[in-house]
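K.L.:
One structure, as structure tokens, below. Some questions next.
The values are calculated or read from the model by the stated rules, or taken from the named source; none is laboratory data. As the structure is a prediction and not an experimental result, all values here were calculated from the model. Cβ coordinates were reconstructed from backbone atoms using ideal geometry, including for glycine residues, and neighbour counts include every protein chain displayed. The area values use the complete protein model at the heavy-atom level, side chains included, leaving out ligands, DNA and RNA. Shrake-Rupley method; radii C 1.70, N 1.55, O 1.52, S 1.80 Å.
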Amino acid sequence: MKTVLLIGDGMGDRPCPELGDRTPLQAAAIPSMRRIAAAGTLYLADTVPPGFPPGSDVANLGLLGYDAREHYSGRAPIEAAGAGIALQAGDVALRCNFVHIADNIMVDYSSGHISNEEALPLLEALQAELGREGLTFHPGVQYRHLIQWNEGPSSPVTQPPHDIIGQEISNYLPQGEGSDELLALMEASKEILAKHPVNLARAERGDVPVTQIWLWGQGPALQLPGYQELYGLEGVVVTAVDLVRGLGVLAGLDTPRVEGATGLIDTNYEGKVEAALDALQHSDFAYVHVEAPDECGHMGDAKLKTEAIELFDARVVAPIWQELEKRGEPYRLLVTMDHRTPIELRGHTAEPVPLATLEGPLGGSDAALPEAETAFDEFIHGGQVDLRTYEWIPAWIRGEV
Ligand SMILES: [Zn+2]
């Protein structure tokens with residue numbers, strides 16, 4: 001039995017005036033997701049346990065079959081695992097965003113999605129001036145970086161910058177025990193970045209310069225029970241982002257790096273599909289994660305988000321489903337998203353999302369896929385929630401539901 005999960009990060013939304021008061025899932029041309037919903041079983045799902053923030057970390061942990069109420073120590077330790085950083089005893093990992101703040105307003109959580117080429121020298125300058133014994137800046141992807149801090153502060157209250165876009169930052173700065181150490185590091189980064197040639201060139205070109213680092217999502221190393229032990233399954237997690245790759249690493253699954261997988265709408269969809277289908281030739285599990293719809297939600301671009309969802313349907317869901325049918329082996333397919341990233345908020349919510357499952361092969365002649373469609377959006381089942389993923393997914397992976 002092949003078990004396959006296809007996750008479009010942040011696809012869920014609310015009605016958008018620019019889409020005729022439809023959500024992107026309603027406005028998008030998504031025949032494959034609607035056909036899977038029609039041929040299979042459709043649910044409205046809660047993906048975030050009560051009391052947890054609607055982060056991609058908590059929600060993807062639940063979709064992968066782990067309950068964050070048992071297994072969670074912060075976002076950065078998961079990303080550290082995904083980046084191959086081995087946290088030692090006493091180490092705390094912190095997410096380090098390159099942000100643009102002006103007049104105390106969080107203008108941009110990604111500094112205009114700065115490229116790796118420009119981010120790296122900035123991070124090296126921070127490491128050179130602020131790095132020390134037991135405190136290391138580790139380069140990540142684009143605006144996402146990490147700090148490994150031995151005996152660092154793990155308990156301050158911190159805030160994801162992508163959830164406070166356009167807002168005054170004073171109420172969202174690190175608070176509580178150890179927050180002064182984080183604030184000192186954030187403050188010290190301003191001068192180093194302000195005079196850096198890369199930033200001067202960005203400002204000259206009219207690009208968004210990095211004005212400081214923003215620290216959040218901290219925690220000690222996370223241990224997860226292995227997937228083989230928990231579900232008797234081997235397989236892959238295919239993703240462009242260190243967070244979801246980190247979950248795969250901690251679960252003991254393979255995490256192939258796909259050339260050209262960017263986490264943006266121009267990602268290498270075909271490369272990701274190939275990596276998943278290749279793995280399913282010799283193993284029984286694949287988790288394919290596409291980040292682009294979420295980034296479009298944070299950018300507040302309804303049209304681009306609709307396009308990202310259509311690309312996910314046409315270049316990930318359709319080819320994988322078709323190939324599973326062609327191969328003719330028994331499979332269980334699940335399509336959903338980890339949370340909503342409403343355009344009107346440009347941030348995450350824990351509102352319920354549609355989730356469809358299908359058991360195959362359906363045995364159509366020449367592996368033809370059924371054409372009947374049904375709605376796959378936030379308004380199914382009259383808004384009545386059918387399941388909580390963080391409790392239900394383990395039973396689904398085990399074939400008990
Ligand atoms: Zn997400």
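K.L.:
Name the shape class, rounded, prolate or oblate, that the alpha-carbon gyration tensor gives for region 215-336, where a ≥ b ≥ c are the square roots of its eigenvalues, rounded holds for a/c under 1.5, and otherwise prolate holds if a/b is larger than b/c and oblate otherwise.
P.N.:
Working: a/c = 2.12, a/b = 1.08, b/c = 1.96.
Oblate shape, in that a/c is at least 1.5 and b/c is the bigger or equal ratio.
K.L.:
Follow-up question, since we're still on this one. Considering the chain as a Gaussian network with a 10 Å cut-off on Cα pairs, which listed residue, 344, 117, 373, attains the greatest mean-square fluctuation?
P.N.:
For the chain, modelled as a Gaussian network with Cα springs under 10 Å, the answer is 117.
K.L.:
Subtract the Cα-Cα distance of residue 228 and residue 274 from 0.36 nm times their separation in residues, and report this length gain in nm to one decimal.
P.N.:
Details: separation 46, 0.36 × 46 = 16.56 nm, distance 2.30 nm.
So the extension gain works out to 14.3 nm.
K.L.:
Over the Cα atoms of region 91-219, each weighted equally, I'd like the Debye log10 I(q)/I(0) at q = 0.13, 0.18, 0.23 Å⁻¹, rounded to two decimals.
P.N.:
Those come out to -0.47, -0.93, -1.53, one per q.
K.L.:
Next question. Order 72-78, 47-53 from most to least packed using the mean count of other Cβ atoms within 10 Å. List each step's numbers first, then the result.
P.N.:
Numbers: 72-78: 25.9, 47-53: 17.0.
Ranking the peptides 72-78, 47-53 by packing returns 72-78, 47-53.
K.L.:
Which cross-chain or sequence-distant (5 or more) residues have an amide H under 5 Å from the amide H of residue 287, H modelled 1.01 Å from N in plane?
P.N.:
For residue 287, the qualifying residues are 5, 236, 237, 238.
K.L.:
Mind jotting down the distance between the C-alpha centroids of region 302-373 and region 190-268, whole Å?
P.N.:
Between the Cα centre of region 190-268 and that of region 302-373, the gap is 24 Å.
K.L.:
Under a 1.4 Å probe, what is the accessible area of the chain per residue, stated in Å²?
P.N.:
With the other protein chains kept in place, the chain gives 38 Å² per residue.
K.L.:
Computed FRET efficiency, Cβ-Cβ of residue 257 and residue 181, R0 35 Å: what is it to the nearest 0.05?
P.N.:
On the way: r = 34 Å, r/R0 = 0.96.
The formula returns an efficiency of 0.55 here.
K.L.:
On the protein heavy atoms, probe 1.4 angstrom, tell me the percent of accessible surface of region 91-219 carried by carbon and sulfur. Mind showing how you got there, number by number?
P.N.:
Working: 2730 of 5430 Å².
C and S atoms contribute 50 percent here.
K.L.:
Something else about it: Taking 0.36 nm per residue of separation and subtracting the Cα-Cα distance, what length does fully extending residue 107 through residue 14 add?
P.N.:
Numbers: separation 93, 0.36 × 93 = 33.48 nm, distance 2.28 nm.
Separation in residues times 0.36 nm, less the Cα-Cα distance, equals 31.2 nm.
K.L.:
A further question on this structure: Once the convex hull of the C-alpha atoms of the chain is built, how many Å³ does it hold per residue, rounded to a whole number? Don't skip to the end; give the middle numbers.
P.N.:
Values: hull volume 53.4 nm³, N = 401.
So the per-residue hull volume is 133 Å³.
K.L.:
Right, another one. Using a cut-off of 27 Å between alpha-carbon atoms, which lysines can reach residue 326, once sequence neighbours fewer than 8 places away in the same chain are excluded?
P.N.:
2, 272
K.L.:
Can you work out the Karplus-derived ³J(HN,Hα) for every residue in region 380-396? Use 6.51 cos²θ - 1.76 cosθ + 1.60 with θ = phi - 60°, whole Hz, and x for glycine or proline.
P.N.:
5, 6, x, x, 7, 6, 9, 7, 10, 4, 5, 10, 8, 4, x, 5, 5
K.L.:
How far is it, in nm, from the label point at residue 345 to the one at residue 368 when both lie 7 Å from their Cα along the line to the Cβ?
P.N.:
So the two model labels end up 4.4 nm from each other.
K.L.:
Rank 125, 368, 59 by mean-square fluctuation in a GNM of the chain with C-alpha springs under 10 angstrom and give only the top-ranked residue.
P.N.:
368
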